Amino acid sequence: MEHDAPSHHAPPPAAQGEGAVDDWARDDAEPSHRYEAGPSHRHDADAAAPPAPPAEGVNGIQSSLQALELQTNAAAHDDVQMVADEEEEKKRHLNVVFIGHVDAGKSTAGGQILFLSGQVDDRTIQKYEKEAKDKSRESWYMAYIMDTNEEERLKGKTVEVGRAYFETENTRFTILDAPGHKSYVPNMISGASQADIGVLVISARKGEFETGYVRGGQTREHVLLAKTLGVAKLIVVINKMDEPTVQWSKERYDEIEGKMVPFLKSSGYNVKRDVQFLPISGLCGANMKTRMDKSICSWWDGPCLFEVLDRIEVPLRDPRGPVRMPIIDKYKDMGTVVMGKLESGTIREGDSLLVMPNRSNVKVIGINLDEKKVRRAGPGENVRVKLSGIEEDDIMAGFVLSSVANPVGAFTEFNAQLQILELLDNAIFTAGYKAVLHIHSVVEECEIVDLIEEIETKKMKETDPKKKKPKRKPLFVKNGAAVVCRIQVNNLICIEKFSDSPQLGRFTLRSEGKTIAVGKVVAVPPAGRTTFSA
């Protein structure tokens, strides 16, 4: 009796190894095929069974029928799960990073969102309230939902990027709670690089907004980094509006908005199209899930935070593109599991992929999405992928899970267009300058080996090619300059031209805890080479 491998668990040979279009068609066709497979097998088995089997064969036939029934039930369960998956997929998924100066209330606002959306129960909140009161930090209890680390709770500062999930009517969200302290900016970069939209939290309390906004404050640096790292849409929430020094003052709200708008424009944001301002209180939840009562704030007629999040528009990604998933973490769990955001393409169970840059062939044996096991994941999703064919020790953060047919390039050298923001005191930006490169989940020391061309920002707007001056190769550049240069790293890194893949082609340069430049990859070595020189 050969009932071990029913046909509905294996795709037909022609479907294996075909392109993304066929895979999509195959997945769409699977549920009805699987649903019919179980019962038809059972009917055939019943028809084939002789009316009076010998005594010694009765047990064998019964066990085979039981096995078939189990398989039928499993198939039916899979069908229900697949229907549920399809229902889930109707909701779009967005990653939201909470950014802003230390103590602006990012973790409290994130915790309040989880509480209001039903992700945290009253009993847990009461436990956190007691814990915060015992530490004489009564107003921190909402932040404890996001800050689970004891060190974070003790200091009241987020260190790691907190991660949580909630849903609105039309959208599934992953919250990324980035640290605000300047010592943890590399962690903030890691969070922002995974985000689709940003929530910039600003404290309205007297003195707190000013501290974050002045030169050296994290409000400014976070906005610049968010724009560089691809956070296209920004929701600016003016928090702590219920504070005694503010008391929902329209004058204070207008003052902060008036100062932020010119700065956001200078950072590259189209304020009318890409930025939304709104007042909230993260601690008491005002204007977050529902619109405020006029008795709280008489002058605000705009939407609440959940409304803005639910209707925000972001660019669509290509589910049929080549697979690109920068790995941010890995661990062992009955196999090797890698975590990251799928920037392009679609991953399915059974897919054969490459881990770059070491070109390891791997097979996908499991996919988890927001703690749920799924059969496939599309672009923009934060996923955990279980792989066979590779050991955990052979993977590092910054490696990229990639298509076999169209693998991501791996190089030690590339040309970039840089915008110099703020060099360290007495520093000259020239060939030989060393810094730390942050590009997707890669953190690597780098060196500027050649300045190719300084770009005159005024002359970039000239349209007449006859007026263009010949390229000028500079010896050095100063603050505010735009320059095309060649950057070299010691180890192979996976990158692509910004024009081909913005997520794998934009980066920041940092030195001694400060962001000194932002840039994009404009050229990579020819195929088959890791450097420009032969």
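The values are calculated or read from the model by the stated rules, or taken from the named source; none is laboratory data. None of the values given here were measured: they were computed from a predicted structure. Cβ coordinates were reconstructed from backbone atoms using ideal geometry, including for glycine residues, and neighbour counts include every protein chain displayed. To get the accessible areas, we keep the full protein, side chains included, count just its heavy atoms, and leave off ligands, DNA and RNA. Shrake-Rupley method; radii C 1.70, N 1.55, O 1.52, S 1.80 Å.
For the pair Val449 and Asp301, label points projected 7 Å from Cα toward Cβ lie 6.1 nm apart. Projecting label points 7 angstrom from Cα along Cα→Cβ for Glu255 and Met334 puts them 5.9 nm apart. In this calculation the C-beta distance from Ser499 to Lys265 is compared with R0 = 35 Å, giving a FRET efficiency of 0.90. Scoring 235-243, 359-367, 400-408 by mean Cβ neighbours within 10 Å over their residues and listing the highest first yields 235-243, 400-408, 359-367.
With r as the distance between the Cβ atoms of Asn406 and Ala523 and R0 = 25 Å, compute the FRET efficiency 1/(1 + (r/R0)^6) and round to 0.05. Show your work: numbers first, answer last.
Working: r = 19 Å, r/R0 = 0.76.
E(calc), rounded to 0.05, equals 0.85.
Here the Karplus curve 6.51 cos²θ - 1.76 cosθ + 1.60, taken at θ = phi - 60°, turns the phi angles of the range 446-455 into couplings of 9, 9, 7, 9, 7, 9, 8, 7, 8, 9 Hz, with x standing for Gly and Pro. Each Lys or Arg adds one and each Asp or Glu subtracts one; over the other residues with Cβ under 12 Å from the Cβ of Arg317, this totals 0.
A cut-off under 14 angstrom between Cβ atoms defines the neighbours of Trp300, and their net charge, with Lys, Arg +1 and Asp, Glu -1, is -3. Rounded to the nearest 5, the antiparallel percentage of DSSP beta bridges internal to the range 228-357 is 60%. Here is the list for the range 241-336: trypsin sites (Lys or Arg not before Pro) lying in DSSP coil, each with at most 11 other C-beta atoms within 10 angstrom of its C-beta, are Lys294. Note on the range 207-348: Kirkwood hydrodynamic radius from all Cα pairs is 18.0 Å, rounded to one decimal. Phi angles of the range 267-279 translate, via the Karplus equation with coefficients 6.51, -1.76, 1.60 and θ = phi - 60°, into HN-Hα couplings of 7, x, 7, 8, 4, 5, 9, 10, 10, 10, 9, 7, x Hz per residue; Gly and Pro are given as x.
Tell me, in nm to one decimal, what length is gained between Lys133 and Ser360 on full extension, where the rule is 0.36 nm per residue of separation less the Cα-Cα distance? Don't jump to the answer; show the numbers that get you there.
On the way: separation 227, 0.36 × 227 = 81.72 nm, distance 5.15 nm.
Separation in residues times 0.36 nm, less the Cα-Cα distance, equals 76.6 nm.
Answer rounded, prolate or oblate for the range 239-310, using the Cα gyration tensor with square roots of eigenvalues a ≥ b ≥ c: rounded when a/c is under 1.5, else prolate when a/b is larger than b/c, else oblate. Mind showing how you got there, number by number?
Values: a/c = 2.22, a/b = 1.41, b/c = 1.57.
Because a/c hits 1.5 or more and a/b fails to exceed b/c, the range 239-310 counts as oblate.
Round to a whole number: what % of the accessible area of the range 268-390 belongs to carbon and sulfur, probe 1.4 Å? The C+S portion of the solvent-accessible surface of the range 268-390 is 51 percent. The H on the amide N of Phe429, modeled in the peptide plane, is under 5 Å from the matching H of Val477, each at least 5 residues off or on a different chain. A simple count of charges around Ile516, restricted to other residues whose Cβ falls under 10 Å of its Cβ and scoring Lys, Arg +1 and Asp, Glu -1, yields 0. Taking each residue as 0.36 nm, the span from Arg291 to Lys372 lengthens on full extension beyond its C-alpha to C-alpha distance by 26.0 nm.
Sites listed here are GluC sites (Glu not before Pro) in the range 294-347 whose DSSP assignment is loop and whose Cβ has at most 13 other Cβ atoms within 10 Å: Glu313. Remark: the Asn490-Met396 segment gains 32.3 nm on full extension, using 0.36 nm per residue and subtracting the alpha carbon distance.
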